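Below is one structure, written out as structure tokens; comments come after it.
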Amino acid sequence: MTLHSITNQGRSAAGARATAISPVAFVLLFGLFEVATLAAFGWLDGIELPLPRLLLPAAAFLCYVAAGLGATRGPAAPLVLLWGVGILARLVLLPLAPELSDDIYRYLWDGHVLREGVNPYAHPPGHEALAAIRTEWHGEINHPHVSTIYPPLAQVLFGLVNLAGGTILAAKLVWLCFDLGCAVLLQGIAARTGRNPARVLVWYLWSPLLIVETAWSAHFDAVGLFFLTAVIRVAAWKRPTALGAVLGLAALVKFAPTAALPPLARRYGLRTLVAFIAVCAILYLPFAGAGVSALTAGLRTYARHWSANEGAFSLVLHLAGDPVRARVAVSVLVLAVAGYATWRRFSVERALLWILGAGLLLSPTVHPWYVLWVLPMAALRGHAPFLLAGGLAFLGYWGLAGYEATGVWPQPGWNRAAMWLPVWGLLLWRLAPSRTTTPDPEREEPGREEGHEGE
């Protein structure tokens with residue numbers, strides 16, 4: 001062998017190593033770009049909303065997509081680096097006071113009331129019966145005339161935050177523990193089912209919407225995501241009682257996961273249903289003294305009167321001609337999806353994706369953080385339509401500056417169209433019959449066991 005050939009072989013080997021390293025560097029580079037744009041979005045509060053400030057989360061989402069595609073198609077990046085970027089993005093926003101939403105003050109109030117020995121369902125924050133325990137930030141609570149809508153497990157967590165200091169930072173730290181715990185569960189599920197953990201971690205841990213809503217806005221939805229993901233994990237153990245109990249915990253953070261009970265009860269049996277009911281009853285019992293009317297007052301007000309960022313609901317409302325009939329119609333449609341999932345014996349992962357996804361697509365109220373409820377399943381499956389919804393959800397903040405100036409939230413029709421038409425278009429394209437020639441995780445055979453269902 002000549003020196004020239006040895007040199008050429010060495011260059012080829014070096015080139016091969018560079019090629020192997022390059023995709024990993026690509027993913028990490030876009031991850032750092034995402035961190036930088038999210039930091040600018042949070043810290044540069046002098047930039048005007050909606051434009052040009054909303055261009056920053058748009059840029060972060062593009063970096064996220066590039067990183068996700070890189071993690072999907074290239075060699076797996078070291079998981080410790082993916083965790084490092086995800087945690088860094090959260091730490092950058094953690095010190096900031098919430099600006100996009102004031103929901104945190106309702107959480108803190110419910111926890112404060114609970115610690116004072118008052119049932120948080122008994123009175124709305126503005127009620128005179130609570131005047132003696134008002135805090136200096138009481139005026140920050142939104143809709144003080146409406147009773148709390150949050151279920152009992154949420155109330156318990158709000159109480160724990162109060163015990164931990166009752167500050168915004170304390171709340172964020174608690175929510176972030178559940179957020180990162182969800183990522184741990186997703187990594188384990190991916191490894192167990194033969195999926196690429198790096199891809200799943202990027203789609204979940206680097207989600208700009210998740211980072212902003214949890215680390216900056218202090219929304220507690222990450223708690224629900226943890227329990228949803230735990231449902232998927234527990235399903236692999238084939239323990240129906242534990243499955244029903246964990247689903248009950250998820251539903252007592254926010255009620256939406258309740259819609260997944262029928263397909264899970266059919267697939268795993270009566271013990272799942274009994275455990276779900278038992279957990280709900282046990283956690284509601286300490287608050288039952290307020291009475292059924294008080295327990296449901298806030299939720300009934302929300303269901304009747306709230307609307308924001310609605311997508312297909314606008315069309316249903318136009319056809320129905322009446323808000324009440326329209327809300328009943330979309331509820332029936334979501335139940336129909338749940339019924340189909342029950343009949344077809346969808347897996348837990350698939351049932352949660354489609355039932356919660358149908359709720360988002362049809363709901364009259366879709367605040368940006370609501371989109372997070374499909375994120376764990378979308379990350380596992382690489383589900384492009386719902387991942388896209390997480391990027392377009394930032395358009396839900398388009399009217400924030402107008403609302404702060406006038407008290408009225410402007411929401412032009414083009415804004416809702418921009419939020420939802422791309423999602424619907426991608427969803428319909430994905431489900432088109434012409435695309436079923438290759439295995440499609442959305443068309444799982446009835447009775448198939450839990451396993452690798454993602455793309």
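Filtering region 217-240 for residues that are part of a helix (DSSP H, G or I), free of Cβ contacts under 8 Å to residues at least 40 places away in the same chain, of a type outside the set (Ser, Thr, Tyr) and farther than 28 Å from Ala71 by Cβ leaves a non-empty set. Can you find even one residue in region 366-378 that is among the aromatic types (Phe, Trp, Tyr), surrounded by fewer than 22 Cβ atoms within 10 Å (Cβ to Cβ) and either out of contact with any strand residue (DSSP E or B) (no Cβ under 8 Å at 6 or more places or on another chain) or under 20 Å from Ala312 (Cβ atoms) (or both)? No: region 366-378 contains no residue that is among the aromatic types (Phe, Trp, Tyr), surrounded by fewer than 22 Cβ atoms within 10 Å (Cβ to Cβ) and either out of contact with any strand residue (DSSP E or B) (no Cβ under 8 Å at 6 or more places or on another chain) or under 20 Å from Ala312 (Cβ atoms) (or both). Tell me yes or no: at least one residue of region 144-152 is farther than 27 Å from Ala297 by Cα, of a type in the set (Ser, Thr, Tyr) and in contact (Cβ under 8 Å) with a residue 60 or more places away in the chain. No: region 144-152 contains no residue that is farther than 27 Å from Ala297 by Cα, of a type in the set (Ser, Thr, Tyr) and in contact (Cβ under 8 Å) with a residue 60 or more places away in the chain. Report yes if Ala256 is surrounded by 22 or more Cβ atoms within 10 Å (Cβ to Cβ) and among the small types (Gly, Ala, Ser), otherwise no. No, not satisfied. When region 278-291 is filtered for residues that are closer than 12 Å to Ala242 by Cα and either modelled with pLDDT under 95 or under 24 Å from the mean Cα position of the chain (by Cα) (or both), only Val279 remains. The selection criterion, being over 30 Å from His112 (Cβ atoms) and either of a type outside the set (Val, Ile, Thr) or surrounded by fewer than 17 Cβ atoms within 10 Å (Cβ to Cβ) (or both), holds for Ala190. Residue pairs whose Cβ atoms lie under 9 Å apart, sitting 6 or more positions apart in sequence or on different chains, and linking a residue in region 69-86 that is β-branched (Val, Ile, Thr) to a partner that is at pLDDT below 85, are Thr72/Glu455. Taken as a whole, the structure leaves Tyr204 outside the set of residues that are in a loop (DSSP other than H, G, I, E, B) and either crowded, with 22+ Cβ neighbours inside 10 Å or out of contact with any Gly (no Cβ under 6 Å at 6 or more places or on another chain) (or both). So which residues in region 104-129 are farther than 29 Å from Trp216 by Cα and either assigned to a helix (DSSP H, G or I) or touching a strand residue (DSSP E or B) at 6+ places or on another chain (Cβ under 6 Å) (or both)? Correct list: Glu128, Ala129. Residue check: Gly166 meets all listed conditions (1) at positive phi; (2) crowded, with 24+ Cβ neighbours inside 10 Å; (3) touching a Gly at 6+ places or on another chain (Cβ under 8 Å) but one, namely (2).
Would you please name the residue that is surrounded by the most Cβ atoms within 10 Å (Cβ to Cβ), looking only at residues in region 401-411 that are of a type outside the set (Gly, Ala, Ser) and assigned to a loop (DSSP other than H, G, I, E, B)? Within region 401-411, the match that is surrounded by the most Cβ atoms within 10 Å (Cβ to Cβ) is Gln411.
The condition (being more than 19 Å from the chain's Cα centre (by Cα), aromatic (Phe, Trp, Tyr) and surrounded by 20 or more Cβ atoms within 10 Å (Cβ to Cβ)) is satisfied by just one residue among Trp398, Trp420, Trp414: Trp398. Looking at the structure I just gave you, is Ala170 at pLDDT 95 or above and over 22 Å from the mean Cα position of the chain (by Cα)? Answer is no for this residue.
Only residues that are outside any helix (DSSP H, G or I), surrounded by 16 or more Cβ atoms within 10 Å (Cβ to Cβ) and not hydrophobic (A, V, I, L, M, F, W, C) were counted in region 272-318, giving 4. In region 71-91, the qualifying residues are those that are at pLDDT below 95 and assigned to a helix (DSSP H, G or I), and the one that is surrounded by the fewest Cβ atoms within 10 Å (Cβ to Cβ) is Arg73. Residues that are in contact (Cβ under 8 Å) with a residue 12 or more places away in the chain, over 30 Å from Leu247 (Cβ atoms) and buried (at least 18 other Cβ atoms within 10 Å of the Cβ): does region 106-116 have at least one? Taking every residue of region 106-116 in turn, none turns out to be in contact (Cβ under 8 Å) with a residue 12 or more places away in the chain, over 30 Å from Leu247 (Cβ atoms) and buried (at least 18 other Cβ atoms within 10 Å of the Cβ). Selection of region 124-134 for residues being free of Cβ contacts under 8 Å to residues at least 40 places away in the same chain and surrounded by 14 or more Cβ atoms within 10 Å (Cβ to Cβ) yields Pro125, Gly126, Leu130, Ile133, Arg134.
The values are calculated or read from the model by the stated rules, or taken from the named source; none is laboratory data. Quick caveat: nothing in here was measured; it's all calculated off a predicted structure. So basically every Cβ, Gly included, is an ideal-geometry build from the backbone, and we count neighbours across all protein chains shown.
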